[in-house]
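Below is one structure; the comments refer to it alone.
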Amino acid sequence: MRRAETTLLILLLVAGCGAAERPYQPQEAAPAPTRSTPRSHPAQEEPRSGPETVTVAEGLRARIEWPAAPDPLLKVMVEQYVGTRRAVAEGQRVYKRGLELDAAVQASEWVEDFADEGWSMRGVGRLYNLRVSARVGKGAQIDACVDESGVRMVSSRTGKAISPQPEWLRAPYGQSVAARRGDDGVWRIRTYVPSRERCTR
C-alpha cells in the first residue's frame with residue numbers, strides 16, 4: 001500500500017472515532033436508472049462481472065465494465081458516477097446521495113457548475129478498471145478510470161452541442177474516492193481523492 005493511501009485511511013478511521021454519525025437520508029431520492037439489459041440496477045443486487053449499460057437520463061448512458069468477481073464495494077463508485085451524471089442531465093444543483101462531508105460539497109459544486117452554465121450531457125460515458133485499491137477496517141479507497149470521449153456537452157435549452165467542448169472529455173482520466181462504512185453498515189463516500197491513475201482506452 002502506498003504511503004499516501006495509508007495516511008488517507010488512517011485519517012478516515014480517526015475521523016470515524018468521534019460521535020456516531022447520523023445516517024444520510026436524501027431529501028428526495030432520485031429514481032433508479034433503467035438498464036438496457038434485463039438485470040436490475042447494481043444497487044439492487046450483487047454486481048456481476050462483465051460490461052453493463054445503464055440508461056442515466058434521456059440521451060445519456062453509462063457503460064460499466066465490472067471486473068471479474070467484483071467487490072460489492074465497487075457499487076459505491078458506480079452509483080456516484082451514474083448519480084452525478086444524472087444530476088447534470090436533469091439540471092440539479094445539489095447531489096448528496098451516498099456522499100457525506102467533503103464529497104457531498106464537492107459533488108454538489110460540480111453539478112451546480114453545469115446548471116449555472118446551462119449545460120447538459122448526451123452520449124455514452126464509460127467507467128472501467130474498477131478496483132478497491134486499499135482497505136483498512138471501516139475505511140477504503142476505490143479507484144476507476146473514466147472515458148467520456150463519447151459524451152457531448154449540450155445546451156440545456158436548445159439541445160445543441162456547445163463549442164468548444166471541455167478538454168476533459170477528450171481523454172480518459174482517473175477517479176479515486178475515500179469511503180467509510182458507517183455504524184449502520186452502509187458505505188458512503190467521504191471525499192474525492194486526487195487520482196494518480198494513468199488511464200488508457
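Computed from the coordinates by the stated procedures, all read-outs in this text should not be read as laboratory data. Values in this document were obtained by computation on a predicted structure and should not be read as measured data. Cβ placement follows ideal geometry from the backbone for every residue including glycine, while neighbour counts extend to all protein chains displayed.
Worth pointing out:
- Mean projection of the Cα convex hull over all viewing directions, computed for region 86-146: 5.0 nm².
- Length, then width, then depth: along the principal axes, the Cα atoms of region 118-178 run 49, 20, 16 Å.
- Once the C-beta distance of Val124 and Arg196 is scaled by a Förster radius of 35 Å, the resulting FRET efficiency is 0.85 to the nearest 0.05.
- Simple spin-label estimate for Glu90 and Thr55 in nanometres, 7 Å along Cα-Cβ: 1.5
- Alpha-carbon Rg/Rh ratio, for region 47-148, with Rh computed the Kirkwood way: 0.98
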